[in-house]
Amino acid sequence: MKSAPIHFGSIAYILDDYLEKNTFSSIFFLVDENTHVHCLPILLADLDNISAYEILEIDSGEDNKNIDTVNNLWLALSELGADRHSLVINVGGGVLTDMGGFMASTFKRGIKFINIPTTLLSQVDASAGGKNGIDLEGMKNMVGTFTQPEMVLVDPKFLLTLEQRQVKSGLAEMLKHGLIKNRDHWDNLVQLPSHNAETLAPFIMDSIHIKENVVNNDPYEKGERKILNFGHTIGHAIESESLETDFPLLHGEAIVIGMIIETFLSYDQELISKIDLEEVCESFSSMYALNTIDMKIFPNLMEWMKHDKKNQNNSINFSLINKIGHCRYDVVCTEEEIRQAFEKYNKWIA
Ligand SMILES: NC(=O)c1ccc[n+]([C@@H]2O[C@H](COP(=O)([O-])OP(=O)(O)OC[C@H]3O[C@@H](n4cnc5c(N)ncnc54)[C@H](O)[C@@H]3O)[C@@H](O)[C@H]2O)c1
Ligand SMILES: O=C(O)C(=O)C[C@@H](O)[C@H](O)[C@H](O)COP(=O)(O)O
Ligand SMILES: [Zn+2]
């Protein structure tokens, strides 16, 4: 399974061309309440080759990334007469492209879909690579498939209406790409005097290429692709736990904390130098407001981590950096080692 083609820049003519060359029995745009207002009108205004379509709208938010939402979407597709020759066009962030990809890849055993990512996070990460899915009782992405979209259409102009908090969440995955694979990308991002949609736009394609190369080497995550999960063993646990509170973290915000604590683990495993550890910690703290983790929730976090998809034989498998720009995978760490990394993080923050 090769990565889907990814186009960057003005995308309407590419979609127009695709719709001219391919015939579909029906076309469905999947949006949420925000992309319905901010993104779909911009896209439709630029399209020439589309006359009939339906709009499916879902409620935004990670707490809606579940089977109930997908069930409603499957029902809507059925009621509106979708068949195997229908096309779904997902217009939204990672929650929407993950769910829309899952809905399309399972409906009637799979119909074609296109991703048009409209958040920074979905442009640099979620919309490409073929992973889709939903959460199961708060456990991240527990049900899903690996299915490539027909193509991914990335236009940075959509980011102009995105909240700054969401931009910083997307930046987290870009920084991850630098840490695991490309020191120059990390340096470019860290050295920016400010991090907003305009200053980050020139680096979107670099991030996409890093992910694309890794996915093409290992599309089904048998080995190398696990490095894209750096920061996620702990980050997903923190995200899941926070979703049960009144102050849920965004995916990228949780992954920032996960990346820092997993960098402490890398240091403790003698994979990285003290200089690299300090550089990673100081760089993140210059870009993000960080808080200590209440160790009372550590047992809960361990429970979430036990469901991580990289685990094997009841051991928790980490992807850990072994130098800035390099990452190893399948590093097993014990609960005690994980606890010590959390404590070191807390001591460093305090
Ligand atoms: N499949 C993958 O490889 C992959 C990779 C990384 C993350 N993810 C998943 O992605 C999800 C996070 O995605 P996200 O950060 O894009 O969040 P999101 O999809 O929740 O979008 C964030 C918010 O921005 C709004 N929005 C979207 N586009 C907008 C625009 N242009 N202007 C204004 N508002 C806009 C949305 O309505 C939403 O409220 C998580 O569920 C995560 O697990 C998946
Ligand atoms: O594409 C991948 O592979 C990733 O791991 C990218 C991650 O940023 C993303 O959050 C992904 O959804 C995590 O996948 P999961 O298999 O840990 O649920
Ligand atoms: Zn992620």
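Values quoted throughout were computed directly from the atomic coordinates according to the rules given, and no laboratory measurement underlies them. Because the structure is predicted, anything quoted here is derived from the model rather than measured. Please note: Cβ atoms are built from the backbone with ideal geometry, for glycine as well, and neighbour counts cover all protein chains shown.
Structure data summary
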| read-out | value |
| --- | --- |
| Cleavage-rule hits (trypsin sites (Lys or Arg not before Pro)) in region 1-91: DSSP loop, at most 10 neighbouring Cβ within 10 angstrom | 2 |
| Residues with amide H under 5 Å from that of residue 92, placed H, sequence gap 5 or more | 116, 118 |
| Translational diffusion of region 164-349, µm² s⁻¹ [Kirkwood Rh, Cα pairs; Stokes-Einstein; 37 °C; 0.692 mPa s] | 199 µm²/s |
| ³J(HN,Hα) computed for each position of region 209-226 - Karplus, 6.51 cos²θ - 1.76 cosθ + 1.60, integer Hz, glycine/proline x | 5, 4, 5, 4, 4, 5, 5, 5, 6, 7, x, 9, 6, 7, x, 3, 4, 4 |
| Percent of beta bridges antiparallel (DSSP, region 6-161, rounded to nearest 5) | 15 percent |
| Farthest positive-ward along region 158-211 dipole, Cα basis, beta-carbon charges - from 195, 182, 167 | 182 |
| Per-pair calculated FRET efficiency, R0 = 56 Å: residue 313 and residue 16 via Cβ, rounded to 0.05 | 0.65 |
| Residue-by-residue Karplus 3J(HN,Hα) for region 243-252, coefficients 6.51, -1.76, 1.60, Hz, glycine and proline x | 5, 8, 10, 7, 10, x, 7, 6, 3, x |
| Order of 221, 198, 279 - criterion: other Cβ atoms within 10 Å of each residue's Cβ, fewest first | 198, 279, 221 |
| Long-range HN-HN contacts of residue 8 with modeled amide H, under 5 Å | 154 |
| Cα-based equivalent ellipsoid, region 6-161: semi-axes from gyration tensor eigenvalues, Å | 22, 18, 14 |
| Environment charge at residue 1 (Cβ cut-off 14 Å; Lys +1, Arg +1, Asp -1, Glu -1) | 0 |
| Entries in 108/222; 168/344; 168/274; 157/344 that, when Cα-Cα distance is taken, lie over 30 Å | 157/344 |
| Relative exposure of 281, 327, judged by other C-beta atoms within 10 Å (fewest first) | 281, 327 |
| Electrostatic dipole magnitude of region 131-223 [Cβ: Lys, Arg +1; Asp, Glu -1; Cα centre; debye, to 20] | 180 debye |
| Cα gyration tensor category, rounded, prolate or oblate, for region 120-257 with a/c compared to 1.5 | rounded |
| Rounded tilt (10° steps) of 274-287 against the dominant C-alpha axis of the chain | 50 degrees |
| Cα-based Rg of region 67-117 normalised by 2.2 N^0.38 Å, two decimals | 1.02 |
| Antiparallel DSSP beta bridges within the chain, percent to nearest 5 | 35 percent |
| Gain in span if fully extended, residue 80 to residue 274, counting 0.36 nm per residue against the direct Cα distance | 64.0 nm |
| Amide H contacts of residue 150 (H built 1.01 Å from N, under 5 Å, at least 5 apart or other chain) | 113, 114, 115 |
| Simple label model, 7 Å out from Cα along Cβ direction - residue 194 to residue 47, nm | 3.4 nm |
| Order of 220, 53, 267, 18 - criterion: other Cβ atoms within 10 Å of each residue's Cβ, fewest first | 220, 53, 18, 267 |
| Stokes-Einstein diffusion coefficient of the chain, Kirkwood radius over Cα pairs, 25 °C, 0.890 mPa s, in µm²/s | 119 µm²/s |
| 0 to 90° range, to nearest 10: angle between helix 67-79 axis and the chain longest Cα axis | 10 degrees |
| Cα-centre dipole for the chain with unit charges at Cβ (Lys and Arg positive, Asp and Glu negative), debye to 20 | 900 debye |
